[in-house]
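Some notes on the structure that comes next.
We did not get these values from a lab; they are worked out from the coordinates using the rules stated. Keep in mind that this is a model prediction, so the values were computed, not measured. Neighbour counts are summed over all protein chains in view; Cβ atoms, including those assigned to glycine, are modelled from backbone coordinates with ideal geometry.
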Amino acid sequence: MPAVAASPTSASPDDAIVRVRGVSKTYAGGFQALKNIDLDIRRGEIFALLGPNGAGKTTLISVVCGMSNATAGTITADGHDTVRDYRAARAAIGLVPQELHTDSFETVWATVSFSRGLFGKAPNPAYIEKILKDLSLWDKKDAKILALSGGMKRRVLIAKALSHEPKILFLDEPSAGVDVELRHDMWRLVRALREAGTTIILTTHYLEEAEDMADRIGVIRKGELIVVEDKHVLMRKLGKKELAITLQQPLAQVPAPLARWPLALSEGGTRLTYTFDSHQEDTGIAALLRALQEQGIEFKDLHSSESSLEDIFVSLVHQNPADNPPKAART
């Protein structure tokens, strides 16, 4: 399956809250973690960044958030250059990292309030209270961090990231190792933040969450951004449908007269699977069924299914980059 380039048209200046241009990152040992990344994040969207382990997701987030320096390229956050105007750019960003590092001997209330102060924000107890209640942390506000479970510590990290009311929120694998209740709380909060105008950028291995939550999806592989696309457009471009035909009698092989259709024989010769593009005017299904009848091949069941985001993701990250070099992925 070929790589899909996003539209070359960039978001308008008023539409893009994060702009990444020509960003590369090479470490001292020579390893190139990011390769000429171009990306616009639209104001108020939920953007999911997907990729296998080691693809460059966390490195890209670290560079955008100013925690690591790019070797080349420029980044702006809410109109502020992340190098020349670091403080203003960083003040617009909230970051929930993968690692559960926080102030173990502080109380929940104290550490979240302190995080707000670090960004020069005046105290706002009512706002801190709202965050803690939204994250089901209110009854733990006086508990010390070290006494909390891993899931509760993750909630505290989210509360800290939101403490200074950022316009942009990065969630780096926020669901990793947390319970179902927290995931549901977190996604309710993410939806509410988006409705209030916050831009959300998340990385996740829970592809069903990205499929459910994201407006757009980017796929990074070996430091290169190979796809940036609206979720529904990506599903339409790369998604496929399959028609599974359960046969009355097994076949030893696909008969030659059926070779014009991309058919796969499985389950001991009792199932034929036909892969087709559901958006084509003629899917070929009617002709295939007629051909089966002409060949005297009887079937007892038909079942169609559509590829998921996970299927698309797997096909993208496992394709041979030499065969399909990535194209410009700015949008």
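Results, tabulated for the structure shown:
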quantity: FRET efficiency, Leu302 to Ser149 (Cβ-Cβ, R0 56 Å, nearest 0.05); calculated: 0.70
quantity: Karplus (6.51, -1.76, 1.60) ³J(HN,Hα), θ = phi - 60°, over the range 27-37, in Hz, Gly and Pro reported as x; calculated: 7, 4, x, x, 6, 9, 7, 10, 10, 6, 7
quantity: Residues whose placed amide H lies under 5 Å from that of Val18, excluding near-sequence neighbours; calculated: Ile41, Asp78
quantity: Cα-based Kirkwood hydrodynamic radius, the range 241-306, one decimal, Å; calculated: 12.0 Å
quantity: Calculated diffusion of the range 77-151, Stokes-Einstein form, Kirkwood radius summed over Cα pairs, 20 °C and 1.002 mPa s, µm²/s; calculated: 154 µm²/s
quantity: Residues with amide H under 5 Å from that of Ala72, placed H, sequence gap 5 or more; calculated: Ser24
quantity: Amide H partners (placed H, <5 Å) of Arg271, local residues excluded; calculated: Leu247, Ser266
quantity: Straight-distance crosslink candidates among lysines, where the alpha carbon sits under 30 Å from Lys57 and sequence neighbours closer than 8 are dropped; calculated: Lys25, Lys35, Lys121, Lys153, Lys160, Lys167, Lys222, Lys231, Lys237, Lys240, Lys241, Lys327
quantity: Per-residue HN-Hα couplings for the range 180-193 [Karplus 6.51, -1.76, 1.60; θ = phi - 60°; Hz; x = Gly/Pro]; calculated: 4, 4, 5, 4, 5, 4, 5, 6, 4, 5, 4, 4, 5, 5
quantity: Full-stretch length increase - Asp81, Thr273 - with 0.36 nm per residue and alpha-carbon distance subtracted; calculated: 63.9 nm
quantity: Local electrostatic count, Val112, Cβ distance below 15 Å [Lys/Arg +1, Asp/Glu -1]; calculated: +4
quantity: Phi-based couplings in Hz for the range 82-95 (Karplus 6.51, -1.76, 1.60; Gly and Pro marked x); calculated: 6, 9, 5, 10, 4, 4, 5, 5, 5, 5, 7, 10, x, 10
quantity: Burial order of peptide ranges 67-79, 106-118, 45-57 (average beta-carbon count within 10 Å, highest first); calculated: 45-57, 106-118, 67-79
